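Report on the following structure.
The values are calculated or read from the model by the stated rules, or taken from the named source; none is laboratory data. In this text the structure is predicted, and so the values were computed from the model without any measurement. Glycine gets a Cβ as well: all are built from the backbone with ideal geometry, and neighbour counts include every protein chain shown. Keep in mind that these areas ignore ligands, DNA and RNA; they rest on the heavy atoms of the full protein, side chains included. Shrake-Rupley method; radii C 1.70, N 1.55, O 1.52, S 1.80 Å.
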Amino acid sequence: MSLSRRKMLAIVGGGTIVAATAGFGFHITRTPDAAVAPWAAAGQYDDPRMRALSWAILAPNPHNRQPWKVDLSTPNQAVLYADTDRMLPHTDPFNRQITVGLGCFLELLRMAALEDGLVVETELFPEGTDPQHLDARPVAICTFTPADVSRDPLFAQVPHRRSLKEPFDVARPVSADALARITAAAAHGTMVGGTVDMAEVEALRALSREALIIEIETPRTYKESVDLFRIGRREVNANPDGIDFSGPMFETLRVLGMFNRDVVMDTTSMSFQQGMAAVLENADTAMGHVWQVTPGNTRADQIAAGRDWLRLNLAATAEGVGMQPLSQALQEYPEMDALYADIHKRLAPEGGTVQMFGRLGYGPDVAASPRWPVEAKTTHA
């Protein structure tokens, strides 16, 4: 997560902060270069599996948990596991969203291998799986085989892909033609819907806003996010996962004690209320919405949803359209039950599971999200 200067000024009440010394100014303008280095390193490996994996780690995933581990001990194979230390037990109690993220990873792995003339054959959950939670069993065995295959044109968008967590330009509509091209990018059997009709968009804005409020006002789900805040360059470089708060404004507020975990957990404070308003602005500026439905809700369905969500995100990038997942109403905990039923009634009236839901619009350019290097995610034992 990266907030704009405008949002941060809202959080601190519009006050002006002055850096008193040149040394302080230097400190606050430093960026978390180590945390974003994997974006530049992608593809720079001799082993074709490592080349593909160095791209796959850039895939979108919930709360940027990067919940993947890969065993490369067998030649021409990569065995994917879920890192069970990186789950979201309160907002994602059945690991559904985490599994969707693993599907994004597998699709990007497949696309990257094609660049080297390799097909990745994937055997999902070869030892079975539990619908209640992911465990130590492998998620997928991926076998790399040379073949005369075409590259995927969407791969060119990977370096530019973002989950855009900024307000969109409400004066700039998303065209129906652009929406049609985005939704047509799905290739793994999920049913994709979308709308840019403003009456429908307004209704979905309201639903998104209500779901965000529930997540933030439910103490355990809000704390789950706050515990994953990485505040300032040093924290981001030390733990390049979770929710990124780096840049000059956040460094300044951190040093002055105006932005830390205690401050944001105080729901009675003015900072919390203004921060809530800043977060809700995202939902309120949606200029379109897109969603995915699968007939069932098996792990294989969830993987397919992730594969297609990555493709939708890349297709939106090709159109110059910003895209942000809004997963709150799809979360499976008691406080969200009514909205979960509501969004399914709206978006899957004939049945099935809404796996992903997001907003579309035009927004500013934003920096890439931090990532652990591929070496931290792979073993050869």
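Only one entry in Trp372, Trp309 is touching a residue at least 24 places away in the same chain (Cβ under 8 Å), under 18 Å from Leu108 (Cα atoms) and open to solvent by less than 10 Å² (accessible area, probe 1.4 Å), namely Trp309. Restricting the first member to region 147-161 and to residues that are closer than 20 Å to Glu121 by Cα, and the second to residues that are assigned to a loop (DSSP other than H, G, I, E, B), the beta-carbon pairs closer than 7 Å and six or more apart or on different chains are Ala147/Gly117; Val149/Gly117; Arg151/Glu115; Leu154/Ala185; Phe155/Glu115. Selection of region 77-126 for residues being among the hydroxyl-bearing types (Ser, Thr, Tyr) and either touching a His at 6+ places or on another chain (Cβ under 6 Å) or surrounded by fewer than 24 Cβ atoms within 10 Å (Cβ to Cβ) (or both) yields Tyr81, Thr84, Thr91, Thr122.
Of all the residues in region 112-144, those that are touching a Cys at 6+ places or on another chain (Cβ under 9 Å) and assigned to a loop (DSSP other than H, G, I, E, B) number 0.
Taken over region 61-74, the residue count meeting the criterion of being touching a strand residue (DSSP E or B) at 6+ places or on another chain (Cβ under 9 Å), part of a loop (DSSP other than H, G, I, E, B) and surrounded by fewer than 22 Cβ atoms within 10 Å (Cβ to Cβ) is 3. Out of all the residues in region 273-290, is one or more out of contact with any Lys or Arg (no Cβ under 7 Å at 6 or more places or on another chain), open to solvent by 20 Å² or more (accessible area, probe 1.4 Å) and not in a helix (DSSP H, G or I)? The answer is no; no qualifying residue exists. With respect to the conditions (1) under 21 Å from Trp309 (Cβ atoms); (2) modelled with pLDDT under 95; (3) not charged (D, E, K, R), Val149 falls short on a single one, namely (1). The residue that is modelled with the lowest pLDDT, among those in region 163-184 that are aliphatic (A, V, I, L, M) and crowded, with 19+ Cβ neighbours inside 10 Å, is Leu164. Within region 343-351, none of the residues are crowded, with 23+ Cβ neighbours inside 10 Å, in contact (Cβ under 8 Å) with a residue 12 or more places away in the chain, closer than 17 Å to Ser208 by Cβ and of a type in the set (Gly, Ala, Ser).
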